[in-house]
Every structure is written in C-alpha cells, then in structure tokens.
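Worksheet: one structure, shown below.
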Amino acid sequence: MCPKSPEQFEVVRQQSRRLILDAALRLFANEGYHAVSVSKIATEAGVSKGLMYNYFASKDALLKGIIDDALEQAESEFTWPAEASPKEQLSATIDYVFLALEQHKTMHRLLMALTIQMHEFDFIHDIALAKLNQYKALFTDLFSKQGYDDPEGEALILSALFDGISLQYMVLDSDYDLNAIKNSLTKRYLT
C-alpha cells in the first residue's frame with residue numbers, strides 16, 4: 001500500500017525504521033555485531049537492503065541508531081516528581097534500573113557485548129562516559145542531600161553495582177534472583 005498523504009508517508013517511514021532497528025537489535029544481541037550482515041538485517045526486518053541504506057548509511061550508523069533510540073527511550077521512561085525527596089528519588093532510580101533490566105533485556109545484552117569491544121566503537125565509549133558522569137552527578141547529589149560522608153564515592157559504588165548486576169543478570173538470566181538483589185540494595189540505601 002502506497003501512502004497517499006505526507007502524514008501517511010511519515011507513518012510508513014517510521015514503521016520501516018522501527019522494523020529495521022528492532023531486527024538489528026535482536027540480531028546484534030543474539031549473534032554478535034560482526035556476525036550479522038546488512039542483508040540478514042534487511043531479511044529479518046522484511047525490507048530491502050536498499051531501503052535500509054535510505055535510513056542508515058552503514059551498519060555502524062545502524063548500531064548508533066539503536067543506541068540513540070535506547071537512550072531516548074530511557075530518558076522518556078525515567079522521571080520522578082520534582083517534589084520527591086532524595087530518598088524517594090533514589091528509590092525511583094533503583095526501581096527503574098531493575099524494571100529496565102527486565103523489560104529491555106535484549107538491549108542490555110547488546111550493550112554488554114559492545115562493552116567488551118569498546119575499542120572498536122568510539123561513540124560507545126563516549127556514550128558510556130557521558131552516562132557515567134550523568135549518573136555520578138545524580139547519585140552524588142542524592143547522597144549528599146542524605147548526609148553521606150563520601151557522596152561521590154558512594155555514587156561510584158552504586159554505579160558499579162548497577163553495572164555488575166546487569167552483567168550477572170545477562171549471564172545467569174533466570175538463575176539470577178533480581179528481586180533478592182533489589183531488596184538488598186533497597187535495604188542498604190533506603191532504610
């Protein structure tokens with residue numbers, strides 16, 4: 001079906017882009033970035049290879065599109081009321097991290113795999129550093145407002161805990177008790 005209006009064309013365009021991103025995410029996460037060809041992504045997405053290049057100039061650009069999309073989604077999902085106390089903000093952060101691990105497992109699997117290959121993708125290093133600095137500032141502020149002796153150190157520890165939890169969950173899957181870990185973090189930081 002050929003779109004009749006600019007609005008319909010844009011809807012079709014966004015749907016095609018989404019199909020490509022979703023197919024590439026699944027394939028990259030499950031088979032590895034280097035093992036997947038552009039042709040395989042096009043086939044998985046149900047689009048032509050040429051159409052893929054209308055959206056993404058290269059496989060690297062497609063990978064960057066996946067990461068950018070995930071970051072935008074995370075930013076839109078994670079909010080808290082401005083009037084929330086530092087403890088409530090920390091609680092909301094912990095809740096979101098664990099929810100995101102479960103709901104966006106494929107993305108986390110891809111990110112873990114890319115972390116090992118970070119030297120091949122400069123933009124991933126830059127994104128990881130920016131996120132670390134963002135979370136460090138957020139957690140340092142929250143811990144400072146709660147009277148921690150070393151808020152910056154505690155912020156770095158919490159960031160490292162989240163990374164370790166994510167890695168173990170990706171490796172152990174259903175054999176990793178996320179609820180027990182979340183309860184332990186909650187007890188440590190919120191009681």
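Brief remarks on what is shown
- Segment K145..K131, full-extension length gain: 2.9 nm, with 0.36 nm per residue of separation and the alpha-carbon distance subtracted.
- Between 0 and 90°, nearest 10: helix 6-31 axis offset from the chain longest Cα axis: 70 degrees
- C-alpha long axis of helix 86-103 to longest principal axis of the chain, angle in °: 40 degrees
- Separation between Cα centres of region 49-68 and region 125-168, rounded to whole Å: 31 Å
- Angle between the chain longest axis and helix 59-77 axis [Cα atoms, degrees, rounded to 10]: 50 degrees
- Pairs of alpha carbons in region 1-155 whose separation is greater than 23 Å (percent): 50 percent
- For the chain, the relative contact order comes to 19 percent (Cα pairs under 8 Å, sequence separation of at least 6).
- Solvent-accessible area per residue for the chain (1.4 angstrom probe, square angstrom): 58 Å²
- More than 17 angstrom apart: percent of Cα pairs within region 1-68: 38 percent
- Zone residues, region 162-177, relative to I116, backbone N less than 13 Å from point 7 Å out along Cα-to-Cβ: 167-168, 170-172
- Within a Gaussian network of the chain (alpha carbon springs, distance under 10 Å), most fluctuating of N30, N133, N179: N179
- Counting only Cβ charges, +1 for Lys and Arg and -1 for Asp and Glu, the dipole size of region 65-181 around its Cα centre is about 100 debye.
- Region 97-191 - percent relative contact order, Cα under 8 Å, separation 6 or more: 24 percent
- 12 Å tail of the calculated P(r), region 134-190, as % of Cα pairs: 69 percent
- Qualifying chymotrypsin sites (Phe, Trp or Tyr not before Pro) in region 34-112, where qualification requires a DSSP coil assignment and no more than 16 other C-beta atoms within 10 Å, comprise F78.
- From its DSSP helices (H runs of at least four residues, each -39,500 (n - 2.57)), the chain gives a residue-normalised ellipticity at 222 nm of -26000 deg cm²/dmol.
- Virtual spin-label span in nm between E83 and N183, 7 Å along Cα→Cβ: 3.3 nm
- Here region 80-135 has 60 percent of its accessible surface on carbon and sulfur atoms, given a 1.4 Å probe and all protein chains in place.
- Under 17 Å from K40, Cα to Cα: aspartates and glutamates that are on another chain or at least 8 residues apart: D22, E31, D60
The values are calculated or read from the model by the stated rules, or taken from the named source; none is laboratory data. All values derive from a computational prediction rather than experimental measurement. Methodologically, a virtual Cβ is constructed for each residue, glycine included, from the backbone with ideal geometry; neighbour enumeration extends over all protein chains shown. The accessibility values were calculated without ligands, DNA or RNA, using every heavy atom of the protein model including side chains. Shrake-Rupley method; radii C 1.70, N 1.55, O 1.52, S 1.80 Å.
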